[in-house]
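Q: To start, I am sharing the structure in question, which I have written as structure tokens.
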Amino acid sequence: MKSILFVCLGNICRSPTAKAVFDWKIREAGLGVNTDSAGTTAYHAGSPPDPRAQRIARQWGLDIAGDRARLVTPEDFARFDAIFAMDRANLGELERMRPAQAVGRVELVMSLAPDYGVEEVPDPYYGGVDGFQRVIDMLEAAADQLVEDLRRERR
Ligand code: 4NP
């Protein structure tokens, strides 16, 4: 897997955080995987990540301040080997817009880590800071599992 796109609703909370967490784990493992993030809505297109997401990411040594939200496009299905959605609504939106000839994986991000026991990364936008913390915990489990899977593939 050479390229991954992370998708949520607004592209200002969960998916920029996912990109940063996966970039960290991929870099730490010495793997070369290109990543990006996008949203299924354009409400926040051009905006930096939510200040709460930036703050929590910074506590983990992750800098997402330079990210800018964008809408997911049909071309993304050809550009990325895998597209990981944060929740079922995002996944449904992706399945609706997926071009017929697209061959890449389109899945829930937490399907990477079934042992973690959650299906979806819940939208933290209307909640407190603890919701953002939980988002990072979940994504770290998913990223750890992906890195382990990729290492095994290379053996
Ligand atoms: P995200 O969170 O999908 O994780 O970026 C949200 C951001 C904005 C909104 C909802 C969720 N919104 O309704 O504006």
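The values are calculated or read from the model by the stated rules, or taken from the named source; none is laboratory data. As the structure is a computational prediction, the values presented were derived from the model and not from experiment. Note that we place each Cβ from the backbone using ideal geometry, even for glycine, and neighbour counts take in every protein chain shown.
Q: Considering (1) assigned to a helix (DSSP H, G or I); (2) away from the ligand (no atom under 13 Å from the Cβ); (3) in contact with a Phe, Trp or Tyr (Cβ under 6 Å, 6 or more places away or on another chain); (4) not polar (S, T, N, Q), say which one Leu5 fails and leave the rest.
A: The one condition Leu5 does not meet is (1).
Q: For the stretch 106-121, state whether one or more residues are of a type in the set (Ser, Thr, Tyr), surrounded by 14 or more Cβ atoms within 10 Å (Cβ to Cβ) and in contact (Cβ under 8 Å) with a residue 60 or more places away in the chain.
A: Initial filter on the stretch 106-121 (of a type in the set (Ser, Thr, Tyr)): 111, 116.
Restricting the remaining residues to those that are surrounded by 14 or more Cβ atoms within 10 Å (Cβ to Cβ) gives 111, 116.
Subset that is in contact (Cβ under 8 Å) with a residue 60 or more places away in the chain: none.
Looking through the stretch 106-121, none of the residues is of a type in the set (Ser, Thr, Tyr), surrounded by 14 or more Cβ atoms within 10 Å (Cβ to Cβ) and in contact (Cβ under 8 Å) with a residue 60 or more places away in the chain.
Q: Among the residues of the stretch 16-27, is there at least one that is more than 7 Å from the ligand (Cβ to nearest atom), at pLDDT 95 or above, among the basic types (Lys, Arg) and out of contact with any Phe, Trp or Tyr (no Cβ under 7 Å at 6 or more places or on another chain)? Walk me through how you get there before you give the answer.
A: Step one: of the stretch 16-27, the residues more than 7 Å from the ligand (Cβ to nearest atom) are 16-27.
From what's left, at pLDDT 95 or above: 16-27.
Those left that are additionally among the basic types (Lys, Arg): 19, 25, 27.
After this cut, where a residue has to be out of contact with any Phe, Trp or Tyr (no Cβ under 7 Å at 6 or more places or on another chain) as well, the list is 25, 27.
Within the stretch 16-27, one or more residues are more than 7 Å from the ligand (Cβ to nearest atom), at pLDDT 95 or above, among the basic types (Lys, Arg) and out of contact with any Phe, Trp or Tyr (no Cβ under 7 Å at 6 or more places or on another chain).
Q: Something else: Only one of (1) more than 13 Å from the ligand (Cβ to nearest atom); (2) under 23 Å from Arg27 (Cβ atoms); (3) without any contact (Cβ under 8 Å) to a residue 40 or more places away in the chain; (4) not charged (D, E, K, R) fails for Met138. Which number is that?
A: (1)
Q: When the residues of the stretch 93-105 are narrowed to those that are among the hydrophobic types (A, V, I, L, M, F, W, C) and within 21 Å of Ala42 (Cα to Cα), which ends up surrounded by the fewest Cβ atoms within 10 Å (Cβ to Cβ)? Working first, answer last.
A: Initial filter on the stretch 93-105 (among the hydrophobic types (A, V, I, L, M, F, W, C)): 94, 97, 100, 102-103.
In the following step, the residues that additionally are within 21 Å of Ala42 (Cα to Cα) were identified as 94, 97.
Values: Leu94: 22, Met97: 14.
Residue satisfying both the conditions and the ranking: Met97.
Q: Let me ask another. Just one of the numbered conditions (1) more than 8 Å from the ligand (Cβ to nearest atom); (2) out of contact with any Cys (no Cβ under 8 Å at 6 or more places or on another chain); (3) over 23 Å from Ala113 (Cβ atoms) is not true of His44; which one?
A: (1)
Per-residue answers, yes or no, for (1) of a type in the set (A, V, I, L, M, F, W, C); (2) within 18 Å of Glu93 (Cα to Cα); (3) in contact (Cβ under 8 Å) with a residue 24 or more places away in the chain:
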position	(1), (2), (3)
Met1	yes, no, yes
Val7	yes, yes, yes
Val21	yes, no, yes
Trp24	yes, no, yes
Gly39	no, yes, yes
Arg55	no, no, yes
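Q: Sticking with this structure for a sec: Return yes when Arg98 is of a type in the set (D, E, K, R), within 15 Å of the ligand (Cβ to nearest atom) and over 14 Å from Ser15 (Cβ atoms) and no when it is not.
A: Numbers: of a type in the set (D, E, K, R): yes; within 15 Å of the ligand (Cβ to nearest atom): no; over 14 Å from Ser15 (Cβ atoms): yes.
So Arg98 fails the test.
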